[in-house]
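The values are calculated or read from the model by the stated rules, or taken from the named source; none is laboratory data. Only a predicted model underlies this, so the values are computations on that prediction, with no experimental measurement involved. Note: ideal-geometry Cβ built from the backbone for every residue, glycine included; neighbour counts use all protein chains shown.
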Amino acid sequence: MKIILRAFALILAAIPLASQPFGLQFKAGIPVTDFDNSEYLFRAGFAHAWFNRYLLGPAVEFRLPRRFSVEFDALYERIHLTGYVQQVPIPNSDRLNAHGGAWLFPLLVKFHVSTGPIAVFVAAGPSARWLKFSGEVQEITLLPALASSTSSLHESHGRVGFATGGGVDIHVKGMRVSPEIRYSYFGGDINCGSCRGVQPFTGLNSVAVMLGVGF
């Protein structure tokens, strides 16, 4: 989080350089898909969900001729996994709780369909994601005697996919405000070996509504 705040301060300090062939922005977004309501089979086949609340980070853009530019982002998002299983008919229960974060590193080629104070753009390119989380699984046995055990879990995964989307650059008094929508794809299932699930996670691709502010 400190890295993100420093990046935002750098953007504010660099506003007088807005005439140069590069730009800086601070971006914030809300994932409207991704881990939300993504279910998988855990132990006895009960569903659990990831929750993803926000997306934040700096972006740098290098402007090229003929309405093209190249943008590189470093975006951070928090993740959380929670679940509870009451196994039937065996009177056991498992509780799962984990949290962590993910970094997204998209490298996008942008094309401005129009120019002027309000410029529409489309973008696409490769994107990498590094996901890391930790937590614990608690197992409770009622019969033949009450017993409880807790084990920790630590997972990290890297994957390369792609991102695509579009939006609008609005220029106001040297500032650039850029609302956009972006789709990120990182392939199919991803395993969580220490979660003791019987099926990998699915639905790990996201659509996010984002807003960039800078120059």
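Quick look at the values:
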read-out	value
Matching option when the condition is in contact with a Pro (Cβ under 7 Å, 6 or more places away or on another chain) and of a type outside the set (D, E, K, R), among L142, L131	L142
The stretch 160-184 residues that are surrounded by 15 or more Cβ atoms within 10 Å (Cβ to Cβ), paired with ones that are among the acidic types (D, E) and not in a strand (DSSP E or B) (beta carbon under 9 Å, 6 or more apart)	S184/D34
Matching residues, the stretch 137-159, being more than 15 Å from A102 (Cα to Cα) and at pLDDT 85 or above	T150, S152
Number of the condition not met by D169 [criteria: (1) in a strand (DSSP E or B); (2) modelled with pLDDT under 95]	(2)
Residue count, the stretch 73-129 (criterion: part of a strand (DSSP E or B), closer than 18 Å to R182 by Cβ and modelled with pLDDT of 90 or more)	24
